[in-house]
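Trainee: My questions will all concern the structure given below.
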Amino acid sequence: MISEKIQSALNEQLKEEFFSSYLYLSMAAYFEEKNLKGFANWFRIQSQEENMHGLKFFNFIVQKGGKVSLKQIDAPKIDWKSILELFTDSLKHEQKITGYINNLTELSMNEKDYATHTFLQWFITEQVEEEANVHEIIQKLEMIGDNKSGLYMLDNELGSMSATSAVE
Ligand code: OFO
């Protein structure tokens, strides 16, 4: 079993993961509109991964005999002034999610909920990787500046990536 407090916090995070999926799908749409298929591919993959994160929370609540309660998901932003602004938003978003995961981990320690604490370790590692990936792309974009061929190359690079994760 899980406590009411933990259950409600897990359900809240489940919603955040699905919001992330929605946000990244909106970012993918922005790139589709610009015909930057590689960037769009990268965000489609991010969106799928966030969906998988949401399902991990769903599965964990079910396994612990808790009650899944799906919340309303806000509409994400649909326009950005530049590609760099979009990626900066994406990094800020991941940092916010890291903060939520940290708070949840702290709550699980305070509640002496060791199963939830262990479950969250995967997300702590995942957040380090996700923030690093976005940061790397931001650095490349800063280097590229207004250079169109640089942007074309980065689009090709991001287009060659494929999804690797699966729901357990
Ligand atoms: Fe991008 O993060 Fe989920 O957790």
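Trainee: For the stretch 39-50, in order, what is each residue's ³J(HN,Hα) by Karplus, 6.51 cos²θ - 1.76 cosθ + 1.60 with θ = phi - 60°, in whole Hz (x at glycine and Pro)?
Mentor: 3J(HN,Hα) across the stretch 39-50, in whole Hz: 4, 4, 4, 4, 6, 4, 5, 4, 4, 5, 5, 5.
Trainee: With the contact rule set at Cα under 8 Å and sequence spacing of 6 or more, what percent relative contact order holds for the stretch 4-162?
Mentor: Across the stretch 4-162, relative contact order equals 31 percent.
Trainee: So if I average 1/r over every pair of distinct C-alpha atoms in the stretch 1-144 and take the inverse, what Kirkwood radius in Å does that give? If you can, show how the numbers build up before the last one.
Mentor: Numbers: mean 1/r = 0.0626 Å⁻¹.
When all Cα pairs of the stretch 1-144 are included, the Kirkwood radius is 16.0 Å.
Trainee: How large is ³J(HN,Hα), in whole Hz, for each residue of the stretch 96-106 in order, when computed from phi with the Karplus curve 6.51 cos²θ - 1.76 cosθ + 1.60 and θ = phi - 60°, using x for Gly and Pro?
Mentor: Computed from phi, the couplings for the stretch 96-106 are 5, 5, 4, x, 5, 5, 4, 4, 5, 5, 5 Hz.
Trainee: How big is the charge dipole of the stretch 4-96 about its Cα centre, in debye rounded to the nearest 20, if each Lys and Arg gets +1 on its Cβ and each Asp and Glu gets -1 on its Cβ?
Mentor: Values: 13 positive and 13 negative charges, 43 e Å.
Charge dipole, the stretch 4-96, about its Cα centre: 200 debye, nearest 20.
Trainee: Report the local net charge at LYS148: Lys and Arg +1, Asp and Glu -1, summed over other residues whose C-beta lies under 13 Å from its C-beta. Could the numbers behind the result be given before it?
Mentor: Working: positive: LYS34; negative: ASP146, ASP155.
Net local charge, LYS148 excluded: -1.
Trainee: Using alpha carbon centroids, what distance separates the stretch 37-51 and the stretch 114-168, in Å?
Mentor: 10 Å
Trainee: Run lengths n ≥ 4 of DSSP H only: what is the helix-derived mean residue ellipticity at 222 nm for the chain, with -39500 (n - 2.57) per run over all residues, to the nearest 500?
Mentor: Details: 5 runs with 128 residues, N = 168.
The helix contribution divided over the chain gives -27000 deg cm²/dmol.
Trainee: Hey, got the dipole for the stretch 4-162? About the Cα centre, +1 on K and R Cβ, -1 on D and E Cβ, debye to the nearest 20? Show your work: numbers first, answer last.
Mentor: Details: 16 positive and 25 negative charges, 80 e Å.
The calculation lands at about 380 debye.
Trainee: Under a plain spin-label model, where a point goes 7 Å from the Cα along Cα-to-Cβ, how far apart in nm are ASP74 and THR118?
Mentor: So the label points at ASP74 and THR118 sit 3.5 nm apart.
Trainee: Between ALA132 and SER82, how many nm apart are label points set 7 Å from Cα along the C-beta direction?
Mentor: For ALA132 paired with SER82, the spin-label model returns 2.7 nm.
Trainee: Which residue, ASP79, ASP155, ASP146, has the most motion in a Gaussian network model of the chain that connects Cα atoms within less than 10 Å?
Mentor: Sorting by GNM fluctuation, first place goes to ASP146.
Trainee: Related question: Pairing the Cα long axis of helix 148-159 with the longest principal axis of the chain, what angle in degrees results, from 0 to 90 and rounded to the nearest 10?
Mentor: Once rounded, the angle reads 40 degrees.
Values in this text are rule-based calculations from the coordinates and carry no lab data. Nothing here was measured: the structure is a model prediction, and the numbers come from that model. Every residue, glycine among them, receives a Cβ derived from its backbone with ideal geometry; neighbour counts consider all protein chains shown.
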